[in-house]
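Have a look at the structure below, then the notes.
The values are calculated or read from the model by the stated rules, or taken from the named source; none is laboratory data. Here the structure is a predicted model, which means the values were calculated and not measured. Every residue, glycine among them, receives a Cβ derived from its backbone with ideal geometry; neighbour counts consider all protein chains shown.
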Amino acid sequence: MSDLSTVIEVAGALSAAGGLGYAKARSPRVFWSLVGAPVARVRFSVTYRATMDVCGLTVQPSRLRAFMVRNVARQEVQRMTGYDVLRRVKMPRRLPRNTTAGPLVVPVALREDGTAFVRDYQKVPHALTVGANQSGKSMYQRNLISQLAKLPVGLIGIDCKRGVEQRGYAPRLSALAITPDEADGLLEALIGEMEERFDLLSSHGVPDMWGLPAKLRPVPLVVLVDEVAELFLVAAKKDEERRDRMVMRMIRLAQMARAVGIFLEVCGQRFGSDLGKGATALRAQLTGRVVHRVNDKQTAEMALGDIAPEAVFAATTIPPDRPGVAVAGDSSGGWSRIRTPAMTPGQAVAVCHEFAHVTPHLAALAPFRPAVSAAPDPGSPLLKSRPATG
Ligand SMILES: Nc1ncnc2c1ncn2[C@@H]1O[C@H](COP(=O)(O)OP(=O)(O)OP(=O)(O)O)[C@@H](O)[C@H]1O
Ligand SMILES: [Mg+2]
């Protein structure tokens, strides 16, 4: 009898093994559900903590959690596993409705909690992006432009480094200035446009353009300044008058233009009183702040000290091998660490060509409308994406 049961047991084991082997070869899904997944699950739960620890992917638990574990569960507090989402940025595919509600909201970067950092021009009309050389300021604007390009807005570029960054975006730009002289004229034209828009509001008795009927509402304009110091630093005494004029015009736009749908997005390495008369008054109006790696604490203080003082230290600890990482603060005192997704200039240029047909033509800005070159060849190496590293 015992011989028979041994034979039955062995035969059973062999046929089960044979059945699994057959399932593995002929029906991998069944094999995975019966064997692969349970084994992987057990292996994962046994080795997970040690692996995360060795890879340096553990973070301190919150004080509340440590307290609860120590005093309520009466266990030793273990270091929690974490994952640095800013190492390789991948934007969430879908954004929660509450963050993207509004006609002028665009995702620009990823926050360290995995959610999208958005620019909402109705909530924060004007912003300043600061950072040392090669810290990621132009990448930030590149992401911004390629998102704004898809919306019904006019984009205006001021890139006094002779247009090296922004000339490629020409098909989607309603106006472009690449020298301080051109910028001076363009800012004057923008003031004229702002005053005309205010006349329109006044004739309809509404306080801002969102109160106008949709068919009368002027198109929103976003003015992107790539390196503000190029506008403000003067080499000779004779340029001072032009500089003072430009600062004054920018201050007027920053103080009033929100109501008529003109928004400023300013980039610079520093933004302090050393830029000249009026610079700090202008900075005070640029309430959205994004600070990339900076060379000194003073620059971080300049950009964040007045709105989110606790963020100053975080901005001084951004490592040089992580371009694009920044600290974003706003006038509510809140701040977070963010990083833009890597994007080649060619990719941004391609988006601008794709959406060239939505570029608004404004009569007041016609003299500054940039010449447009042919669309880039889709096979061009410029259009191939580069992975984010670091
Ligand atoms: N988010 C990012 N991920 C990966 N690489 C990035 C990121 N942001 C910037 N870089 C890389 O860092 C370098 C500098 O970026 P960028 O040109 O934007 O800096 P910048 O602050 O505008 O510099 P400059 O002051 O010289 O104009 C580029 O090679 C860019 O590709
Ligand atoms: Mg740059």
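Quick notes
- The condition of being in the same structural domain as ALA328 (by TED's automatic domain parsing), modelled with pLDDT of 80 or more and out of contact with any Phe, Trp or Tyr (no Cβ under 7 Å at 6 or more places or on another chain) holds for only one of PRO28, PRO103, PRO92, PRO38, that being PRO103.
- Members of the range 197-240 that are among the acidic types (Asp, Glu) and modelled with pLDDT under 95: ASP208, ASP226, GLU227, GLU230, ASP239, GLU240
- Complete set of residues in the range 251-284 that are buried (at least 20 other Cβ atoms within 10 Å of the Cβ), modelled with pLDDT under 95 and more than 16 Å from ligand 1 (Cβ to nearest atom): ALA279, LEU282, ARG283
- Boolean, GLY261 is touching a strand residue (DSSP E or B) at 6+ places or on another chain (Cβ under 9 Å), on the phi > 0 side of the Ramachandran plot, in contact (Cβ under 8 Å) with a residue 24 or more places away in the chain and of a type outside the set (A, V, I, L, M): yes
- Of the numbered criteria (1) touching a Lys or Arg at 6+ places or on another chain (Cβ under 8 Å); (2) of a type in the set (A, V, I, L, M, F, W, C); (3) not in a helix (DSSP H, G or I), the one LEU144 fails is (3).
- Extreme residue, surrounded by the most Cβ atoms within 10 Å (Cβ to Cβ), among residues of the range 351-374 that are touching a Pro at 6+ places or on another chain (Cβ under 6 Å) and not β-branched (Val, Ile, Thr): CYS352
- Of the residues making up the range 1-43, those that are part of a helix (DSSP H, G or I) and either under 53 Å from the mean Cα position of the chain (by Cα) or touching a residue at least 24 places away in the same chain (Cβ under 8 Å) (or both) number 23.
- Residues in the range 145-161 that are surrounded by fewer than 24 Cβ atoms within 10 Å (Cβ to Cβ) and within 13 Å of ligand 2 (Cβ to nearest atom): CYS160, LYS161.
- Total residues in the range 304-338, condition under 23 Å from SER146 (Cβ atoms) and more than 16 Å from ligand 2 (Cβ to nearest atom): 7
- For beta carbons closer than 7 Å, sequence separation of 6+ or different chains, a first residue in the range 278-299 that is without any contact (Cβ under 8 Å) to a residue 40 or more places away in the chain and a second that is among the hydrophobic types (A, V, I, L, M, F, W, C) and surrounded by fewer than 19 Cβ atoms within 10 Å (Cβ to Cβ), the qualifying pairs are GLY278/MET248; GLY278/ILE251; ALA281/ILE251; LEU282/ILE251.
- Flag if ASP239 is of a type in the set (Asp, Glu), under 17 Å from LEU128 (Cβ atoms) and either more than 16 Å from ligand 1 (Cβ to nearest atom) or not assigned by TED's automatic domain parsing to the domain that holds VAL106 (or both): no
- Selection status of GLY168, within 16 Å of ligand 2 (Cβ to nearest atom), part of a strand (DSSP E or B), of a type outside the set (Ser, Thr, Tyr) and under 28 Å from ALA364 (Cβ atoms): no
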